[in-house]
Amino acid sequence: MAAAKLDATLRSERGKGAARKLRVAGSIPGVIYRPGRPPQSLTCNALETGRPLPTPPPGSPGTPVHFNNL
């Protein structure tokens with residue numbers, strides 16, 4: 001199955017106020033959680049994030065997403 005690719009940028013500001021500013025500027029704040037690693041805050045372009053993901057085959061866990069620039 002083809003993985004979706006998404007451009008993302010790490011960000012240092014955290015919290016509700018910082019996330020609100022990003023949304024107003026046309027970005028989507030997010031956090032990546034991985035086992036054994038600290039959470040990473042990131043931001044993605046809202047227009048790019050709105051693209052449809054490939055439909056996963058029946059019975060699969062979902063569509064993998066690879067973040068560029070991380």
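Here are the numbers for the structure shown:
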quantity	calculated
Residue selected from the stretch 14-70 under the condition assigned to a strand (DSSP E or B) and within 15 Å of Ala4 (Cα to Cα), by the criterion least open to solvent (accessible area, probe 1.4 Å)	Cys44
Residue in the stretch 47-60 that is in contact with a helix residue (DSSP H, G or I) (Cβ under 6 Å, 6 or more places away or on another chain) and polar (S, T, N, Q) present	no
Output for the stretch 1-13, where each listed residue is assigned to a loop (DSSP other than H, G, I, E, B) and of a type in the set (Lys, Arg)	Arg11
Sole exception among (1) at pLDDT below 85; (2) in contact with a helix residue (DSSP H, G or I) (Cβ under 8 Å, 6 or more places away or on another chain); (3) not aliphatic (A, V, I, L, M) for Ser27, by number	(1)
When residues of the stretch 1-13 are limited to those that are open to solvent by 70 Å² or more (accessible area, probe 1.4 Å) and free of Cβ contacts under 8 Å to residues at least 40 places away in the same chain, the one farthest from Phe67 (Cα to Cα)	Glu13
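The values are calculated or read from the model by the stated rules, or taken from the named source; none is laboratory data. These numbers come from a predicted model, not from an experiment. Note: ideal-geometry Cβ built from the backbone for every residue, glycine included; neighbour counts use all protein chains shown. The accessibility values were calculated without ligands, DNA or RNA, using every heavy atom of the protein model including side chains. Shrake-Rupley method; radii C 1.70, N 1.55, O 1.52, S 1.80 Å.
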